[in-house]
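Beneath this line is the structure, given in structure tokens, with notes to follow.
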Amino acid sequence: MSIKYTKDHEWVQAEGDAPAVVGITPHAQDALGDVVFVDLPEVGKTYAQGEVAGVVESVKAAADVYMPVSGEITEVNEALRADPSLANSDPTGAGWFFKVRLGDAGQLDALLDAAAYDQFSSEN
Amino acid sequence: MAAAPDTPLQKTPLYDLHVELGARMVPFAGYSMPVQYPAGLIAEHRHTREAAGLFDISHMGQLRLVGPDAAAAFETLMPVDVIGLAPGKQRYGLLLDDEGGILDDLMFFNEGNDALFVIVNGACKAADIAHIQARIGARCEVQPMPGHALLALQGPQAAQVLARLSPGSERFVFMTGGAVQIGGIAAFATRSGYTGEDGFEISVRADDAERLARLLLAQPEVKPVGLGARNSLRLEAGLCLYGNDIDATTTPVEASLNWAIQKVRRTGGAREGGFPGAARVLAQLTAATGAAGHLDHDTLTRRRVGLVALERVPVREGTVLQSFEGQDIGQVTSGLLGPTVDRPIAMAYVATAFAEPGTRLQAIVRGKPVPMEVSTLPFVPPRYWRG
């Protein structure tokens, strides 16, 4: 199991051939503040890496959620849609956004590891 | 209005206190200001509606206009009854340009003794003072007050807090005020604010500001509240944010601020007109009230309205509004999910034909239509203390 990060402040957790799980980082939810709304991608739709796949909004701001890797959406977190505050209270657990079947597992290698992301987010 | 990138941000006298309290500081109106504290925007918003919130609004401009002709002179800049405001009372005003566009909105207070105390928006204060000086500087003395901080104590428990520290302050009713001692600190308080709640705005010498803020924060009802919650509170209260909901491209009537134009300055009033842009503003006012026997959509093409989304999707500033036939009819100027009303609310300008409460239209959010309904303002009932 490995967790990788993007410079757009998403995390992606991939394990074997199972669809990868994607969410926003603790740093991202902290910067946004109280999350009140999420727009999740369509299950079954295929997105390219870097494409906008969703939106996360706090009272004061809206931010796009980008596809960290190319692939097909297999599931979205309906619990998060019903209670967007899960993105604040448990961003790397119950506050996950969607699952994606990887189109190119090699894309994961180019993402940031935890140490690199920590350094990036502390500078940004 | 953001400061130019190479302009260092100014600090209010409470900057160090904000940092000590763990605030997230952001640039606003040329100042480094607290957008929220560790409690977070929603908790701060709710605390203000339930108890009492303390806001630093020292970025706003404070000034005095002094002289026997000050009220009459100031009245030439606004479509507002200044001369008729009794000593000890406060009123909302609008500085207009010669086309009737809004240069700023403000509060003014009659101190008596030929002096008005004026509070203007932070981002506009330099331009306002220059404008006032240029237009009426020969008729009264314009005295900016850069050495003063401004705090707002807002919420249903604000009055009991201030009465504890300043016995007698409870005698003030909404839009009145006067000189007070708060725990021995000399200040000037008015019972007013910008949250829709009961409360006070307190002007104090910059040197005393931190001591006063700490004294207020030591009261069990009081917590610090940032600009983020100030924005959500004012939007729920139906109050305009200058630069978003009103600016020089909007007139008072387009902005649905007709209530701010007292009868004495309207057509047929004793001091009718006589303010910048009067011909246009008064013609729009006639159109808006249907005095000609019908609503005149040519003279008044658009109006500011409140909107409520019928789906739980926030609709933000800049969002285009359309009729259900797909025709563009307006634009959102402020919008968010209101923490107290617990649904998406907005202010917008719409074509006059779509401005009646109950009218349905659609907002185009990320390419998808979100149905909305025109609502009366405010979104939450005001709780001003009128005695």
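Quick note: the coordinates plus some simple rules give every number you see, no bench work behind them. Just so you know, these numbers come straight off a predicted model, no measurement behind them. No Cβ is skipped: glycine too gets one built from the backbone with ideal geometry, and neighbour counts run over all protein chains shown.
Looking only at segment B:89-123, filter to residues that are more than 20 Å from the chain's Cα centre (by Cα) and in a loop (DSSP other than H, G, I, E, B); which one of those is nearest to residue B:144 (Cα to Cα)? Step through it out loud before you land on a result.
Residues of segment B:89-123 more than 20 Å from the chain's Cα centre (by Cα): B:98-99, B:111-115.
Those left that are additionally in a loop (DSSP other than H, G, I, E, B): B:98-99, B:113-114.
Numbers: B:98: 24, B:99: 26, B:113: 18, B:114: 16 Å.
Ranking the candidates gives B:114 first.
Residues that are at negative phi and touching a Pro at 6+ places or on another chain (Cβ under 9 Å) within segment B:236-254 comprise B:236, B:237, B:239, B:246, B:252, listed in sequence order. Residues that are within 12 Å of residue A:90 (Cβ to Cβ) and outside any strand (DSSP E or B) within segment A:23-44 comprise A:26, A:29, listed in sequence order. For segment B:168-197, the candidate set comprises residues that are buried (at least 23 other Cβ atoms within 10 Å of the Cβ) and of a type in the set (D, E, K, R); within that set, the residue that is farthest from residue B:154 (Cα to Cα) is B:191. The residues listed here are B:239, B:282; of these, the one that is in a helix (DSSP H, G or I) and hydrophobic (A, V, I, L, M, F, W, C) is B:282.
From B:23, B:51, B:29, which residue is within 14 Å of chain A (Cβ to nearest Cβ) and either out of contact with any helix residue (DSSP H, G or I) (no Cβ under 8 Å at 6 or more places or on another chain) or surrounded by fewer than 23 Cβ atoms within 10 Å (Cβ to Cβ) (or both)? First the steps, then the outcome.
Details: B:51 fails: within 14 Å of chain A (Cβ to nearest Cβ); B:29 fails: within 14 Å of chain A (Cβ to nearest Cβ).
Only one candidate passes the filter, namely B:23.
Among the candidates B:264, B:308, B:253, single out the residue that is surrounded by 20 or more Cβ atoms within 10 Å (Cβ to Cβ) and β-branched (Val, Ile, Thr). Step through it out loud before you land on a result.
Details: B:264 fails: surrounded by 20 or more Cβ atoms within 10 Å (Cβ to Cβ); B:308 fails: surrounded by 20 or more Cβ atoms within 10 Å (Cβ to Cβ).
On inspection, the qualifying residue turns out to be B:253.
Candidates B:300, B:310: the one that is touching a strand residue (DSSP E or B) at 6+ places or on another chain (Cβ under 6 Å) and not small (Gly, Ala, Ser) is B:310. Considering (1) touching a residue at least 12 places away in the same chain (Cβ under 8 Å); (2) more than 14 Å from chain A (Cβ to nearest Cβ); (3) surrounded by fewer than 19 Cβ atoms within 10 Å (Cβ to Cβ); (4) outside any strand (DSSP E or B), the lone condition that residue B:272 does not fulfil carries the number (1).
Being surrounded by 22 or more Cβ atoms within 10 Å (Cβ to Cβ) and among the acidic types (Asp, Glu) is a property that holds for residue B:105. Quick check on my filter: what residues within segment B:346-373 are away from chain A (no Cβ under 14 Å), under 23 Å from the mean Cα position of the chain (by Cα) and buried (at least 21 other Cβ atoms within 10 Å of the Cβ)? Those that are away from chain A (no Cβ under 14 Å), under 23 Å from the mean Cα position of the chain (by Cα) and buried (at least 21 other Cβ atoms within 10 Å of the Cβ): B:347, B:348, B:349, B:350, B:355.
Checked across segment A:86-109, the condition of being crowded, with 22+ Cβ neighbours inside 10 Å, within 14 Å of chain B (Cβ to nearest Cβ) and either part of a strand (DSSP E or B) or touching a strand residue (DSSP E or B) at 6+ places or on another chain (Cβ under 9 Å) (or both) holds for at least one residue. Among the residues of segment B:368-380, those that are over 16 Å from residue B:331 (Cβ atoms) and either without any contact (Cβ under 8 Å) to a residue 40 or more places away in the chain or β-branched (Val, Ile, Thr) (or both) comprise B:368, B:376, B:380. The residues on offer are B:214, B:230, and the sole one that is within 14 Å of chain A (Cβ to nearest Cβ), of a type in the set (D, E, K, R) and closer than 11 Å to residue B:54 by Cα is B:230. In segment B:130-143, the residues that are without any contact (Cβ under 8 Å) to a residue 40 or more places away in the chain reach residues that are assigned to a strand (DSSP E or B) with C-beta atoms within less than 8 angstrom, at least six apart or across chains, in these pairs: B:133/B:142. The set of residues in segment B:320-345 that are part of a strand (DSSP E or B) and away from every other protein chain (no Cβ under 13 Å) comprises B:320, B:321, B:322, B:328, B:329, B:330, B:331, B:333. Put simply, of A:29, A:49 the only residue that is more than 25 Å from residue B:234 (Cβ to Cβ), polar (S, T, N, Q) and either within 12 Å of another protein chain (Cβ to nearest Cβ) or free of Cβ contacts under 8 Å to residues at least 40 places away in the same chain (or both) is A:29.
Right, residue A:63: within 14 Å of chain B (Cβ to nearest Cβ), out of contact with any Cys (no Cβ under 8 Å at 6 or more places or on another chain) and closer than 21 Å to residue B:40 by Cα or not? Before the answer, list the steps.
Values: within 14 Å of chain B (Cβ to nearest Cβ): yes; out of contact with any Cys (no Cβ under 8 Å at 6 or more places or on another chain): yes; closer than 21 Å to residue B:40 by Cα: yes.
It is true that residue A:63 is within 14 Å of chain B (Cβ to nearest Cβ), out of contact with any Cys (no Cβ under 8 Å at 6 or more places or on another chain) and closer than 21 Å to residue B:40 by Cα.
Pairing each residue of segment B:57-85 that is over 18 Å from residue B:272 (Cβ atoms) with any residue that is aliphatic (A, V, I, L, M) and in a loop (DSSP other than H, G, I, E, B), provided the two are 6+ apart or on different chains, yields C-beta distances under 7 Å for B:58/B:14; B:59/B:29; B:62/B:145; B:63/B:145; B:64/B:145.
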